[in-house]
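Novice: Starting off with a structure, shown below.
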Amino acid sequence: MTGFLRPSQSLYSFNESRDENDPDIVGEMRFNLFSADWLMLQRRVESARGLPETRDVFDAQYGVYPDQPIFGQCYEAMKDLRSSALDNFGGPAELRTSILESASTGGSTNYGSTFYGGLGKNMEELRRFVLNLEQLSNPRIASYWSKCDKESVKVLKAYLLGKQNTGISAPNNGLAYQSDQIGREFNDLAMKLEKALEAQRTYEEQLRKFTGESSEMVAATNKAIGEAKANIKKLTKDREAAYDAWLGFTIAAVTTSVGVAVIGTVVSVALYASIAASAAASGGMTLALAAPAVALQFSTIGIAAGLASGLGAKAASERASYDQLGRDLAAARETERKAINLGHDLAGLEAQMKRLDAEEGVSGEKVLKDVRAFGDVFTDLAQQLQGHADNLTVNNISDSPLANVDATADLIVTWTPIKDLADQFGRNMLVDYRSGDLETAVKEVA
């Protein structure tokens with residue numbers, strides 16, 4: 001049965017430490033699709049999906065620049081790239097969570113119509129195909145290969161092609177049809193990926209107009225950062241001046257009130273003493289003679305209170321100015337922080353797109369090739385199953401490679417790890433970059 005119905009190595013590879021002929025290969029092999037290029041494509045998509053969802057989010061994250069239309073144009077470019085990633089690829093992290101939840105609850109996964117969703121659905125169909133293929137070793141089905149009669153041929157063709165009204169439970173439309181459908185779906189998925197990558201490149205190129213070091217956007221961002229820094233410097237100086245003024249008027253209000261009152265008291269006491277001496281010489285002091293001294297004292301206290309009140313109001317005004325400048329300074333620092341964030345993110349996007357240009361295959365071309373390989377393998381497998389079933393007769397049924405129990409068991413051994421890899425798709429191939437270490441993952445599969 002050399003080559004007949006066996007999985008092609010264009011689908012998978014072995015770890016270097018493993019013998020390819022060892023049948024116990026579960027966990028020691030991986031799909032060629034699961035490569036560093038696959039992980040980089042996922043990061044590329046996840047980065048695009050992390051761009052601002054709305055203009056309000058953009059403004060909250062990067063600041064508001066009403067006199068700079070270039071910032072609005074940059075947001076539109078980011079929105080287009082994000083929408084393309086969402087509409088064409090979907091969310092690998094969300095799909096992974098959904099697959100794991102379905103596996104734990106026994107429910108079904110809503111894969112949707114995106115690339116990642118389609119790939120997840122195809123992996124599930126692949127797993128079901130292998131489960132049906134494994135039934136070739138079922139004793140009841142295997143027994144028909146040794147019976148050279150029309151009924152046996154009918155039953156086996158039903159299993160391979162899906163013709164019903166037989167005594168066994170055949171997979172829907174048969175193994176050949178199921179394999180052909182998987183091949184078609186992978187080929188359709190490859191076309192979807194090709195279009196998605198083309199759209200992604202188009203929107204990335206649009207965004208590069210804003211991320212390049214010599215772009216108007218970067219210049220405007222750097223200008224905004226410079227203006228914010230200058231404003232912070234001015235506000236800091238003004239705030240310090242307001243603080244000094246507030247402190248000065250506060251001290252002046254207190255010292256003026258006390259000083260004037262003290263001077264008034266000293267003068268009135270002196271006046272009172274003079275009047276008292278005159279009264280003693282004339283034989284007695286009257287209330288009329290003492291009144292000027294008392295009046296002077298109360299007048300002085302009133303003047304002191306008035307001066308203190310005026311200085312206190314000025315101090316309060318300077319304190320209000322100081323407090324407002326504090327709020328303005330905090331706002332200016334927030335403006336600077338947002339502008340710096342924008343500059344940092346623009347530089348990060350530019351570096352990522354330069355890396356896409358420099359690293360062969362990271363643009364998704366290798367992933368596209370690997371997806372097409374799945375389509376080719378299952379299309380060829382369907383043709384093998386169809387041809388074998390079509391040629392099956394009473395005269396050659398016992399000569400079929402599938403009539404050999406040991407050979408069939410060996411065939412199934414080669415497919416079982418493929419089934420397991422498909423089953424592990426959500427756990428191993430879809431990575432949540434918001435909580436994982438991409439570089440470690442890349443090294444593990446490189």
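Novice: Please specify each residue of segment 111-123 satisfying the condition of being polar (S, T, N, Q) and not in a loop (DSSP other than H, G, I, E, B).
Specialist: Of the residues in segment 111-123, the ones polar (S, T, N, Q) are 113-114, 122.
The answer is 122, and nothing else.
Novice: Considering every residue within segment 68-85, establish whether at least one is charged (D, E, K, R) and at pLDDT below 90.
Specialist: Within segment 68-85 (the criterion being charged (D, E, K, R) and at pLDDT below 90), the answer is no, since none of the residues qualifies.
Novice: So which of 113, 143, 104 ends up being hydroxyl-bearing (Ser, Thr, Tyr), out of contact with any helix residue (DSSP H, G or I) (no Cβ under 8 Å at 6 or more places or on another chain) and under 17 Å from residue 185 (Cβ atoms)? Reasoning before the result, please.
Specialist: Numbers: 143 fails: under 17 Å from residue 185 (Cβ atoms); 104 fails: under 17 Å from residue 185 (Cβ atoms).
113 is the lone residue from the list that is hydroxyl-bearing (Ser, Thr, Tyr), out of contact with any helix residue (DSSP H, G or I) (no Cβ under 8 Å at 6 or more places or on another chain) and under 17 Å from residue 185 (Cβ atoms).
Novice: Test residue 107 against the stated conditions and say whether it is at pLDDT below 90 and small (Gly, Ala, Ser). Reasoning before the result, please.
Specialist: Working: at pLDDT below 90: yes; small (Gly, Ala, Ser): yes.
Yes.
Novice: Next up: Taking the condition of being of a type in the set (Gly, Ala, Ser) and either modelled with pLDDT of 65 or more or in contact with a Pro (Cβ under 7 Å, 6 or more places away or on another chain) (or both), how many residues in segment 354-371 meet it? Outline the logic, then answer.
Specialist: At the first step, the residues of segment 354-371 found to be of a type in the set (Gly, Ala, Ser) are 358, 361, 363-364.
Checking which are either modelled with pLDDT of 65 or more or in contact with a Pro (Cβ under 7 Å, 6 or more places away or on another chain) (or both) leaves us with 358, 364.
Result for segment 354-371: 2.
Novice: A further question on this structure: Tell me, which helices (runs of 4 or more DSSP H) lie completely within segment 32-104 with 1 or more residues that are within 29 Å of residue 11 (Cβ to Cβ) and of a type in the set (A, V, I, L, M)? Can you show your working first?
Specialist: On the way: elements: 36-49, 55-62, 69-84.
Here the list reads 36-49.
Novice: Among the residues of segment 75-107, how many are touching a residue at least 60 places away in the same chain (Cβ under 8 Å), under 15 Å from the mean Cα position of the chain (by Cα) and within 30 Å of residue 63 (Cβ to Cβ)?
Specialist: 6
Novice: Is it the case, given these coordinates, that residue 337 is at pLDDT 85 or above and either more than 30 Å from residue 128 (Cβ to Cβ) or assigned to a helix (DSSP H, G or I) (or both)? Give the steps one after another, and end with the answer.
Specialist: Details: at pLDDT 85 or above: yes; either more than 30 Å from residue 128 (Cβ to Cβ) or assigned to a helix (DSSP H, G or I) (or both): yes.
Taking the combined requirement at face value, the residue satisfies it.
Novice: Among the residues of segment 124-163, write down those that are part of a helix (DSSP H, G or I), loosely packed, with under 15 Cβ neighbours inside 10 Å and either among the acidic types (Asp, Glu) or not assigned by TED's automatic domain parsing to the domain that holds residue 31 (or both).
Specialist: 151
Novice: In this structure, is residue 14 at pLDDT 90 or above and of a type in the set (Phe, Trp, Tyr)? Quick ask: steps written out before the conclusion?
Specialist: Working: at pLDDT 90 or above: no; of a type in the set (Phe, Trp, Tyr): yes.
No; evaluated as a whole, the condition is false for this residue.
Novice: Just one of 414, 379, 393 is closer than 30 Å to residue 157 by Cα, touching a residue at least 12 places away in the same chain (Cβ under 8 Å) and touching an Asp or Glu at 6+ places or on another chain (Cβ under 9 Å); which is it?
Specialist: Values: 414 fails: touching an Asp or Glu at 6+ places or on another chain (Cβ under 9 Å); 393 fails: touching an Asp or Glu at 6+ places or on another chain (Cβ under 9 Å).
Answer to the selection: 379.
Okay, residues lined up against (1) assigned by TED's automatic domain parsing to the domain that holds residue 355; (2) surrounded by 14 or more Cβ atoms within 10 Å (Cβ to Cβ):
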residue: 193; (1), (2): yes, yes
residue: 198; (1), (2): yes, no
residue: 201; (1), (2): yes, yes
residue: 206; (1), (2): yes, yes
residue: 209; (1), (2): yes, yes
residue: 212; (1), (2): yes, yes
residue: 231; (1), (2): no, yes
residue: 235; (1), (2): no, yes
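The values are calculated or read from the model by the stated rules, or taken from the named source; none is laboratory data. Keep in mind that what you see is a predicted model, and the values were worked out from it rather than measured. A quick note on method: Cβ atoms are made from the backbone with ideal geometry, for glycine too, and the neighbour counts reach across all protein chains shown.
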